[in-house]
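For reference, the structure is listed below as structure tokens.
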Protein chains: 2
Amino acid sequence: MDQMISIIGTGQTPFGEHWDKSLHDLIADAVQSAIEAARCTPLDIDMVIVANMIGERLSGQAHLGALTASLLPHHPPALRVEAACASGAVAMHTACALLESGKAQTVLVVGAEKMTDATNEEVAAALMGAADSEKDAPAGITFPGLFGLVAQRYMHEYNLSREDLSCVSALHHRNAVGNPYAQFRKEISAEEISASALIADPLRLLDCSPVSDGAAACILSTKFEGPVRIAASQLATDAVSLLDRPSITSFRATKTATERALAEANIKLQDLQAIELHDCFSIAAVISVEDMGLAEPGTGVQLYKKPDGNLVLNPSGGLKACGHPVAATGVKQVIEISKWLQNNNLRWGATHNFGGTGATCGMHILERHNG
Amino acid sequence: MDQMISIIGTGQTPFGEHWDKSLHDLIADAVQSAIEAARCTPLDIDMVIVANMIGERLSGQAHLGALTASLLPHHPPALRVEAACASGAVAMHTACALLESGKAQTVLVVGAEKMTDATNEEVAAALMGAADSEKDAPAGITFPGLFGLVAQRYMHEYNLSREDLSCVSALHHRNAVGNPYAQFRKEISAEEISASALIADPLRLLDCSPVSDGAAACILSTKFEGPVRIAASQLATDAVSLLDRPSITSFRATKTATERALAEANIKLQDLQAIELHDCFSIAAVISVEDMGLAEPGTGVQLYKKPDGNLVLNPSGGLKACGHPVAATGVKQVIEISKWLQNNNLRWGATHNFGGTGATCGMHILERHNG
């Protein structure tokens, strides 16, 4: 990055079931918190980017850019972006482009989703918009089904055991215990995870991230400074349908985005001290650490069985335990890593956020640079 | 703009009823045409921006960025943007930011919508996502209703006659006769328009843009040159609900976006020789020419009754006659003005694209700079 992009204010709602809050309300709450925490006034914000996936289907609400801009007295220019579950990362990337272009000096990024008022069938159908509506959806498959296929194949190729796979969600639940914004704040043992209800063989209930409401807001600036900067912002894509992939146990977009982000930040993978990664299902976390290059193919689960003391995975509890209000996740990850670096006096962290079965991947590298 | 952003390739489908084409198909057709016309190879495209509003609701398809990137052999990074009917302009603006930031040198922008397979009720409900789902939609009003209110108030304030209002659609239909991509290619007299079925008093059927399928694609580049450049790209927002506006006969976002765009291009309003403007309803065209500063409040219709020889409005036929596949419109406008400037040896043109009842407005100024 040619310019210093600082995180100058963050805010979020708790993730979970907010039956008394609309999509508007969640956005307003997160924006209010971010502004209160910010090193600028609301009038300094000169652009608003909103990440949202399924508000049109579940809340009858598109046009969230202008709606969110109306929370500010001067109605700055605004738009919504979407790339399925990677919408949050895509919003961060768009904000960085606006800042680097000089079109804006301070950008408010908001990710939000309101999911729990709808039926399971409505939510599952809306989420299938992340897959290919002509190749995947007509088969009647849902996302747990798609990742069930991925897990089946992975277990076949690499002899991953059910017991080992359960270590993933167990660690995420352990990490979430101290997170006041997490949807589930209690430890769950690997044994309990292995014994939970079967959803899409071999995936069980506690392999799956929940349906969640929530919003996260982050103010980025080239004009004002903060203790953490965005050192890299990269996106990559792959074929949307698993049918069009040479392998379903590795997601190319993660590899590409990681390589590009490390090059942009000019650091090595080993420099990263904390990563928020996209564990929509436990198997996704295993594949993601491999695709990022943190583990050899087939060995990713080892990072969950015996965590590396020099690298924290999903300090927030990840999608599984912190919750997964789809488009809020990528923004929440940035907030989490920003705080983690500051609270633990660390320098380098990253966020890994993908959409669908990895067809869009956004990687951001954060650096704590002073304070 | 600090950098020269050239339009180096454009393509579009005819706008209309494509019962044999899916949303995917329409996008593929427009992209193929743009690439064939382009001064670069597909591999030169390093980012894809897709504008779409209601694909999630009517086609069950989100994640259109990755899906469209898959049409290119190298799967470049991609995202979808949305700002209701201004989605196309917002996509152009995002592409300009990516180019100016240096994150990309050549960007494919696609706007697409597939609407005619759904029932009128489904389409009307989906379009209401452009309004405020908590303030407007619960009243049971639809977009023709909202613009009916605007037209009622405008006629009351300025004594606009039914006969004069009909001049707007009459001119648009006249302009569309020679446009091979237009949905309706025949002249319709002002008398016929005044006599068409009442939709939302005082608006009649022929005051309203149609439901349309279509896609438009435009390749922008800082690396390759073309005969037309983007001289300005500006967005502005306003309150989404009419309930929150001091006036409903003037749309502030159009004023703001126009002022900013003229300043960015460093030209005067009078320099513009052709404008594609957002006539979702006839009354919107009247208000838009006033808000742009082309006519005094209450007199906008005069530009339709007695067209100015130095300024062409909606050479394509506008939304009314060319058709309005929501998110495709803002991209199609840029294509149209680009061609118009070249075919008529003109220098300056503009596109005006708004969302909802004017809550988001995107203005682009184009300059033919050689050839």
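Observations on the structure shown:
- Against chain B, whose longest principal axis is taken from its Cα atoms, helix B:282-292 shows a tilt of about 70°.
- Separation in nanometres of the label points that stand 7 Å from Cα toward Cβ, at A:Gln342 and A:Gln270: 3.1
- Computed from Cα positions, the angle between helix B:162-176 and the longest principal axis of chain B comes to roughly 30 degrees.
- A simple charge model with +1 on the Cβ of Lys and Arg, -1 on the Cβ of Asp and Glu and nothing else charged puts the dipole of segment A:1-59 at about 60 debye relative to its Cα centre.
- Shortest-first nm distances, B:Leu198 label point to equivalent points in other copies (7 Å, Cα→Cβ): 6.4
- Three-way shape label, segment A:231-341, alpha-carbon gyration tensor, a/c 1.5: rounded
- Using Cβ point charges alone (K and R +1, D and E -1), the dipole size of segment B:163-269 about the Cα centre works out to roughly 500 debye.
- Derived scalar couplings between HN and Hα for segment B:101-107 equal 6, x, 5, 9, 10, 9, 10 Hz in order, rounded to whole Hz, by the Karplus curve 6.51 cos²θ - 1.76 cosθ + 1.60 (θ = phi - 60°), x for Gly and Pro.
- In terms of its alpha-carbon gyration tensor, segment B:1-77 comes out prolate; a/c meets the 1.5 threshold, and the first ratio a/b outweighs b/c.
- Exercise: per-residue mean of other protein chain Cβ atoms within 10 Å, B:81-88: 6
- Each other copy places its own label point for B:Asn159 at 9.2 nm from this one, sorted shortest first, where the point lies 7 Å along the Cα-to-beta carbon line.
- Per-residue HN-Hα couplings for segment B:242-252 [Karplus 6.51, -1.76, 1.60; θ = phi - 60°; Hz; x = Gly/Pro]: 4, 4, 9, 10, x, 9, 10, 10, 8, 10, 4
- Average beta-carbon neighbours from other chains, 10 Å sphere, peptide A:121-129: 2
- Cut-off under 5 Å, modelled amide H: who pairs with B:Ala232 long-range: B:Ile365
- Farthest towards the positive end of the charge dipole of segment A:78-180, among the residues A:Ala125, A:Ser101, A:Ala78, is the Cα of A:Ser101, using unit charges on the Cβ of Lys, Arg, Asp and Glu.
- GNM top mover of B:Thr119, B:Thr142, B:Thr360 - chain B, alpha-carbon springs below 10 Å: B:Thr119
- For segment A:30-94 versus segment B:232-308, the gap between their alpha-carbon centres in whole angstrom: 25
- Along chain B, the exposed loop sites are trypsin sites (Lys or Arg not before Pro) outside DSSP states H, G, I, E and B with at most 12 other Cβ atoms within 10 Å, and the longest stretch free of them is B:1-185.
- Residue-span extension gain [A:Glu225 to A:His74] - 0.36 nm each, minus C-alpha spacing: 52.1 nm
- Distant-in-sequence amide H partners of B:Val312 (H built 1.01 Å from N, under 5 Å): B:Ala274, B:Ile275
- Beta bridges from DSSP with both residues in the protein assembly as shown: antiparallel share about 70 percent, rounded to the nearest 5.
- For segment A:38-53, no residue has its backbone nitrogen under 11 Å from a point 7 Å from the Cα of A:Asp117, taken along Cα to Cβ.
- Across the identical copies, how the A:Pro180 labels are spaced - nm, sorted shortest first, 7 Å along Cα→Cβ: 6.5
- Taking every residue in B:92-105 and counting other chain Cβ atoms within 10 Å of its Cβ, the average works out to 5.
- Where only DSSP H runs of four or more residues are counted, chain A gives -11000 deg cm²/dmol as its mean residue ellipticity at 222 nm, each run worth -39500 (n - 2.57).
- Under 15 Å from the A:Ala139 label point (7 Å along Cα→beta-carbon), backbone N, segment A:193-226: A:200-202
- Shape category assigned to segment A:149-292 from the gyration tensor of Cα positions, a/c cut at 1.5: oblate
- Using the Karplus relation 6.51 cos²θ - 1.76 cosθ + 1.60 with θ = phi - 60°, the per-residue 3J(HN,Hα) values for segment B:325-339 come to x, 2, 6, 6, 4, x, 7, 4, 4, 5, 4, 4, 5, 4, 5 Hz, with x marking Gly and Pro.
Just so you know, all these numbers are worked out from the coordinates, no wet-lab data involved. Predicted model only: the values in this text are computed from it and were never measured. Positions of Cβ are backbone-derived with ideal geometry, glycine not excepted, and every protein chain shown enters the neighbour counts.
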